[in-house]
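Quick notes on the structure that follows.
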Amino acid sequence: MTTTIPRQTFVAILISSMMATSLPARSDDPLPPLGSTHPSDDSYKLVWHDEFVGDKLDRSKWTPEDDTLAGQYGHGNGEAQVYVDAEGETFFVKDGNLTIVASHAPAHEYPLRDVSTGRFLKNVDHLPFRSAKLTTKQLASFTYGIIEARIKNPTDVTGTITAIPTWPAFWLLPEPKQAPYSGYWDQEAANSKRAHGLNSWPYSGELDVMEMSGRATRLYHAGAVYHTSRVNWSVGNIGWYSHYRRIDGAIDPKQWIADQQLDGSLQPRSGESSYPNDFHVYGCKWTEEKVIFMLDGKEWGPGLSLTDPAKFGDRNMYNDYPFYLILNQAIGGNYFGVWGPDDPGPDKTGKNELYDTSLFPQFMQVDWVRVYQP
């Protein structure tokens, strides 16, 4: 007699096995004490870090988001995951690494609410993936500095194959309480109590230190999002600094992944390397004058100048207000042109063939996160 193990049980066994098995080793570098200087710029000193020692997440530094409490799904991009605060399932700490786990879990239902943490309306069952999103919101926020994380982008349990819908990210958003005009981002909006000028994305800005699509693992994206108009407060006035860094060092400023067909040159051929093959240090250097992105300790790209307020709707974007850190692994969504598992895929004949669920769980590993300031 053959016994079939339910997929959900199989996934739990697989994650337990990963936790019991030694993960790829952390960096051989000694753990730096607070006050130690940055390896590439000794005018910057370490002011905050997490080296993920022990076997539990340090919740004095990180808060895992839980969509099942907030009822906020899709996250503005049509993503297919629910973020669940389930240590040991959607994330765990072991051997000096934080691991964020994205699993295929189609049997789960989640509560839909009228507003965040509000009245329950019904259960929804169209979000077939579970993952984690960790933030330092209201715990640790920073204005300027060198901000870095050593990350191995997602792969399957063998450590070699990245599922196309994966969307790992290391990024920053401003602390909400820091809006300069009583919760508004300019004086005119405050005087007229214009709702769209309230302290929220994109008026306050966003810094994307690292984003990668599983459909293009030989390049990653770094950039910034901001609002460009002082008069027309609509999402249609979003500005972008957006650059892609290929594994060979070439830089392309265009947002092109979502619009193109799957390009074989963006996926590794036999013997070619890609970002998920190994750990890399993804970072940015943020000063009053500029945001420039860094890979493995070296600056790259032209960076975003902050000295001309006209490009930001005559406001001093990214100046004198703090941002908090975010680590997450999303699945699908429109930004990288993957969409959802039930949408038509590139062949337009049925469900999205980009979703190979046999490659899940996908494991995103973080060795450390560090913040240096002058």
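The values are calculated or read from the model by the stated rules, or taken from the named source; none is laboratory data. Quick caveat, the model's predicted, so the values are computed rather than measured. Reconstructed Cβ throughout: ideal geometry from the backbone, glycine too, with neighbour counts over all protein chains shown. Surface areas here come from the heavy atoms of the whole protein model, side chains and all, with no ligands, DNA or RNA. Shrake-Rupley method; radii C 1.70, N 1.55, O 1.52, S 1.80 Å.
Condition (residue is of a type in the set (Gly, Ala, Ser) and either over 25 Å from Ala149 (Cα atoms) or without any contact (Cβ under 8 Å) to a residue 24 or more places away in the chain (or both)) applied to region 115-131: is it met by at least one residue?
yes
Please state which one of Asn153, Asn123 is crowded, with 21+ Cβ neighbours inside 10 Å and assigned to a strand (DSSP E or B).
Asn153
How many residues are in a loop (DSSP other than H, G, I, E, B), open to solvent by 10 Å² or more (accessible area, probe 1.4 Å), in contact with a strand residue (DSSP E or B) (Cβ under 8 Å, 6 or more places away or on another chain) and not small (Gly, Ala, Ser) if we restrict to region 85-104?
Total meeting the criteria: 2.
Look at region 309-335 and say how many of its residues are in a loop (DSSP other than H, G, I, E, B), open to solvent by 10 Å² or more (accessible area, probe 1.4 Å) and at pLDDT 90 or above.
1
Taking Ser43 as the residue in question, decide whether it is farther than 30 Å from Ser358 by Cα, open to solvent by 60 Å² or more (accessible area, probe 1.4 Å), of a type in the set (Gly, Ala, Ser) and modelled with pLDDT of 90 or more.
Considered against the rule, which asks whether it is farther than 30 Å from Ser358 by Cα, open to solvent by 60 Å² or more (accessible area, probe 1.4 Å), of a type in the set (Gly, Ala, Ser) and modelled with pLDDT of 90 or more, Ser43 comes out as yes.
Would you confirm whether or not region 67-87 contains a residue that is closer than 23 Å to Tyr335 by Cα and of a type in the set (D, E, K, R)?
yes
Is one or more of the residues making up region 54-67 part of a strand (DSSP E or B) and open to solvent by 20 Å² or more (accessible area, probe 1.4 Å)?
Yes.
Just one of the numbered conditions (1) modelled with pLDDT under 95; (2) assigned to a loop (DSSP other than H, G, I, E, B) is not true of Ala163; which one?
Just one mismatch for Ala163, condition (1).
Take Lys351 and tell me if it is surrounded by fewer than 19 Cβ atoms within 10 Å (Cβ to Cβ), basic (Lys, Arg), over 17 Å from Glu206 (Cβ atoms) and in contact with a Gly (Cβ under 8 Å, 6 or more places away or on another chain).
So Lys351 fits the description; yes.
State all residues of region 225-265 that are modelled with pLDDT of 80 or more, touching a Ser or Thr at 6+ places or on another chain (Cβ under 8 Å) and open to solvent by less than 40 Å² (accessible area, probe 1.4 Å); if no residue qualifies, say none.
Matches in region 225-265: Asn237, Ile238, Gly239.
Go through region 336-348 and give me each residue that's surrounded by 15 or more Cβ atoms within 10 Å (Cβ to Cβ) and more than 26 Å from Ser242 (Cα to Cα).
If the condition is that a residue be surrounded by 15 or more Cβ atoms within 10 Å (Cβ to Cβ) and more than 26 Å from Ser242 (Cα to Cα), then Pro341, Asp343 are the ones that fit.
Return the total of residues in region 279-308 being touching a strand residue (DSSP E or B) at 6+ places or on another chain (Cβ under 9 Å), more than 29 Å from Ala132 (Cα to Cα) and assigned to a loop (DSSP other than H, G, I, E, B).
Total satisfying the criteria: 4.
Which of the residues spanning region 42-53 are assigned to a loop (DSSP other than H, G, I, E, B) and either free of Cβ contacts under 8 Å to residues at least 40 places away in the same chain or of a type in the set (Phe, Trp, Tyr) (or both)?
Correct list: Phe52 only.
Counting only residues that are part of a loop (DSSP other than H, G, I, E, B) and open to solvent by less than 20 Å² (accessible area, probe 1.4 Å), how many does region 209-224 have? So that I can check it myself, show each step before the final result.
Quick first cut of region 209-224, residues part of a loop (DSSP other than H, G, I, E, B) only: 212-218.
Narrowing further to those that are open to solvent by less than 20 Å² (accessible area, probe 1.4 Å): 212-217.
So the answer is 6.
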